[in-house]
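See below for the structure under consideration.
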Amino acid sequence: MAAELAYDPNTNIRDIGDDYKYGFKDKEDYVFKSGRGLTPEIVESISKMKKEPQWMLDFRLNALDIFNKKPMPTWGNTKMLEDIDFENIYYYIKPSEKSEKNWEDVPEGIKKTFDRLGIPEAERKFLAGVTAQYESEVVYHSIREDLVKQGVIFLDMDSGLREHEEIVRKHFATVIPAADNKFSALNSAVWSGGSFIWVPEGVKVEIPLQAYFRINAENMGQFERTLIIAEPGSFVHYIEGCTAPIYSTDSLHSAVVELIAKPGAHIRYTTIQNWSRNVYNLVTKRAVAEANAKVEWVDGNLGSKLTMKYPAIYLTGEGATGEVLSVAFSGHDQHQDAGAKIVHAAPNTTSIVTSKSISKDGGRTSYRGLVKVYPGATGVKTSVKCDALLLDEESRSDTYPTMEIDEKDVSVEHEATVSKVGEEQLFYLMSRGLTADEAKAMVVNGFFEPFTKELPLEYAVELNRLIQLEMEGSVG
Amino acid sequence: MATPLLKIEDLHVEVDGKEILKGVNLTLNAGEVHALMGRNGSGKSTLSYVIMGHPNYKVTKGRILFKEQDINELATDERARLGLALAFQYPVAIPGVSVSNFLRATTKATRGGVDVPIKEFRKELTENMDKLGVPKDFLSRYINDGFSGGEKKRLEILQLSMLKPSVMVLDETDSGLDIDALKTVSSGINALATKETAILLITHYQRMLNYVQPDFVHVFQDGRIVASGGPELSTKLEEQGYDWVTQELTIA
Ligand SMILES: Nc1ncnc2c1ncn2[C@@H]1O[C@H](COP(=O)(O)OP(=O)(O)OP(=O)(O)O)[C@@H](O)[C@H]1O
Ligand SMILES: [Mg+2]
């Protein structure tokens, strides 16, 4: 595939900081917008508006209680975390009356926005189903007819709860309980939107399902909730993308994503996150892989102000495999604190973590990872590899790997490298006519290639383009 | 007389405060092939880097003219786009960047920023690869990453064949090539040597000069050219080494 990716060094290069392509905003024209701040009344009204069953309202109120009691994390970028003003955030915004199945029925303004983001076009070309979430609610939703016939369920989470309450109730918050951390508690209290996917036994969804998340309002909090259940022997690939306008004050994105891969199932979850630089992105993602199941997190973190995200995989059944492949790109005043958490709770389980990060213009990246092997989990293989690339002297990268291994019969590989873009590499590329910016972008794209080649072609091209935008102006 | 393609006048160059080039004079006219020979560490690669504008090499005196234009202030990429090129003695690896993507981007960059239509590009590339005996699978491999010494040299000449520069410096392109590769790569170099181009071949041995006939041979010593002549000079060097040059210089 590498050979087919057209790298075009002459694409119009602009500084994403000044001219973030997705930074435009729409006029606010909402059905409902909560007041700022968070109260039990707001939680109740969200639940009521959604006509939820009592157990969900109880779950929310309990979670709110946990959120209020739990302290902020004492690790990560605590200074940036302290700046979050929970009182100033809008926790729920309903942009339209209902989720539409026909693109034509989506309100005009929102439709235009997603058109600009290329959503319906992408769907026609290469997706099996699409969810588009705007603020707190999914405004458009579709799935291919043949998948419906095979029994695949792909809905927004609210509809999922309404239409398949039993499946939801059985699995919801079983992988990530509300009390897991402060932000999972917050999400549990005010969650809205996100995707619900259920793949029947043995069904393989060969082309990806995609969700697109858009924040529009200033000081918005987006708290989508995604639950994917793959029954034995099934396969599904889910892709999410995110953007937001640029405001002078911050927005908060705090999702909870739970994946359940039953025996022999395979879930691949791909994220291309490209938030504007005023979004706090504090996401909890966790998967359970049962016997011989496989879960892959393919996680691309561009943009945002602070991202704290450590996709986790609990390998609970013998022979299960977990892979986390992530890239992070941090520019001026940005901190990507990302990593992975792998728990080997069964014998002969395998995990591979590959983390690649780039920092420039004083940006900061951290890898924070945990590999845990429980006693009795014999024959475990685990490999953790972190590569950091620094583009200048002011930028920074740290690695915080933790290994808790309580079993002898385990094969562990760990490798971490930090490198700088080589002067000789740049000279070589420039001696072939590429400008300094193009040369740097090429080295960076090459560094990310092990990640990019795992993406569907369209996303790979898009990611390379985004990196090129990020690279502008980085050469002194 | 036509204007020379490249003219180097009394060039002095420093690296990290140390003077390496100490007054180089050299003129390359269109249609000429020059060979540059000299001991290890005499400054040949330094000269090639300076011609290409390596940021670490500081010109303290003298100048380099490309078609009468002083290029001292020009960045490396600007020189490349003017028509200068260097085949490196030690090509560097760029992991993750495929040869085909790289060639496509650099071909565009050196041809006035205009994309060659993909079909034409492929055709041209395939022809050049066939001529140089470059296997197809090189295209999807990463630039110089895990390539053998000889493979890297082939790749350098393949690049020049695509970029079509007018002034080329080839720094020890022959080293690392096996006997058959030396022949194919030499014929590739001969194809680059046209009436419109000039080539500076840096080498230690006669063997490549048997295939690529130089019009002039220069001996480099301690940062300058100390002797110049025709093809017979390289034969003499091959037979007698550099000692006689040094001796003649001390006598003179
Ligand atoms: N950064 C540097 N600092 C100090 N000395 C340097 C530096 N770069 C090059 N030199 C020295 O400059 C001299 C010329 O080096 P150069 O690579 O140009 O030689 P060369 O003629 O190409 O040799 P060879 O035939 O071995 O390739 C050498 O003595 C080398 O050690
Ligand atoms: Mg040399």
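The values are calculated or read from the model by the stated rules, or taken from the named source; none is laboratory data. The model shown is predicted, which means the values in this text are computed figures rather than measured ones. Please note: Cβ atoms are built from the backbone with ideal geometry, for glycine as well, and neighbour counts cover all protein chains shown. Only protein heavy atoms, including side chains, enter the accessible area calculation; ligands, DNA and RNA are left aside. Shrake-Rupley method; radii C 1.70, N 1.55, O 1.52, S 1.80 Å.
In chain A, if every C-alpha pair distance is counted and binned at 10 Å from zero, what percent goes to each bin?
4, 21, 31, 28, 13, 2, 0
Could you give the size of the charge dipole of the protein assembly as shown about its Cα centre, using +1 on the Cβ of each K and R and -1 on the Cβ of each D and E, expressed in debye and rounded to the nearest 20?
On the way: 82 positive and 105 negative charges, 80 e Å.
It comes to approximately 380 debye.
Say R0 is 45 Å: what FRET efficiency, to the nearest 0.05, do B:Glu238 and B:Ala75 get from their beta-carbon distance?
Numbers: r = 38 Å, r/R0 = 0.85.
Once the sixth-power term is evaluated, E becomes 0.75.
Count neighbours as other Cβ atoms within 10 Å of each site's Cβ, and list the GluC sites (Glu not before Pro) in segment A:29-129 that are DSSP loop with at most 13 such neighbours.
Loop-located and lightly packed - A:Glu97.
Take the Cβ-Cβ distance between B:Val59 and A:Thr402 as r, set R0 to 35 Å, and report the resulting FRET efficiency rounded to the nearest 0.05.
Working: r = 52 Å, r/R0 = 1.50.
It comes out at approximately 0.10.
Say R0 is 41 Å: what FRET efficiency, to the nearest 0.05, do A:Lys79 and B:Thr126 get from their beta-carbon distance? Present the calculation step by step, with values, prior to reporting the outcome.
On the way: r = 57 Å, r/R0 = 1.38.
Once the sixth-power term is evaluated, E becomes 0.15.
Can you list the GluC sites (Glu not before Pro) in segment A:360-424 that are in a DSSP coil and have 16 or fewer other beta carbons within 10 angstrom? Provide the component values of the computation, followed by the final result.
Values: sites: A:Glu393, A:Glu394, A:Glu404, A:Glu407, A:Glu413, A:Glu415, A:Glu423, A:Glu424; in loops: A:Glu393, A:Glu394, A:Glu407.
Those that pass, being in a loop and sparsely packed, are A:Glu393, A:Glu394, A:Glu407.
Mind giving me the nanometre distance, one decimal, between the label points for A:Asn219 and B:Ser228, set 7 Å out from Cα along Cα→Cβ?
7.6
Hey, got the average number of other protein chain Cβ atoms within 10 angstrom for residues in B:98-110? If you can, show how the numbers build up before the last one.
Numbers: counts 8, 2, 6, 13, 6, 1, 6, 13, 8, 2, 6, 9, 3.
The shielding value for this peptide is 6.
Picking from A:Ile89, B:Thr60, A:Trp103, whose Cα lies most toward the positive end of the charge dipole for the protein assembly as shown (charges on Cβ: Lys, Arg +1; Asp, Glu -1)?
A:Trp103
Counting only heavy atoms of protein chains, what accessible area per residue, in Å², does the protein assembly as shown have with a probe of 1.4 Å? Display every interim value, and only then the final one.
Working: 28130 Å² over 728 residues.
Per residue, the protein assembly as shown has an accessible area of 39 Å².
DSSP loop (so not H, G, I, E, B), at most 14 other Cβ within 10 Å: list which GluC sites (Glu not before Pro) in segment B:3-43 pass both filters.
Values: sites: B:Glu9, B:Glu14, B:Glu19, B:Glu32; in loops: B:Glu32.
Filter output for segment B:3-43: empty list.
Dipole size in debye (nearest 20) for segment A:22-423 around its Cα centre, Lys and Arg Cβ +1, Asp and Glu Cβ -1? Display every interim value, and only then the final one.
On the way: 47 positive and 58 negative charges, 27 e Å.
Roughly 140 debye for segment A:22-423.
How big is the B/A interface in buried accessible area, both sides summed, 1.4 Å probe, to the nearest 100 Å²?
Values: alone 12200 and 18510 Å², together 28130 Å².
That pair of chains buries around 2600 Å² in total.
So for the pair A:Arg162, A:Leu457, with labels modelled 7 Å out along Cα→Cβ, what separation do we get in nm?
Going by the 7 Å Cα→Cβ label model, 3.9 nm.
Among A:His164, A:Val353, A:Tyr280, whose Cα projects farthest towards the positive end of the dipole of chain A, with charges put on the beta-carbon of Lys, Arg (+1) and Asp, Glu (-1)?
A:His164
Which one of A:Pro232, A:Leu325, A:Val444 has its Cα pushed farthest toward the positive end of the charge dipole of chain A, where Lys and Arg give +1 and Asp and Glu give -1 at the Cβ?
Comparing the listed Cα positions along the dipole, A:Pro232 ranks first.
Quick one: if you stick a label point 7 Å off each Cα along the C-beta vector at B:Glu68 and A:Glu393, how many nm between them?
Roughly 4.3 nm, to one decimal.
Quick one: grab the alpha carbon gyration tensor of segment B:1-77, order the square roots of its eigenvalues as a ≥ b ≥ c, and give me rounded if a/c is under 1.5, else prolate or oblate depending on whether a/b is larger than b/c. Show your work: numbers first, answer last.
On the way: a/c = 1.92, a/b = 1.31, b/c = 1.47.
Oblate, since a/c reaches 1.5 and b/c is not below a/b.
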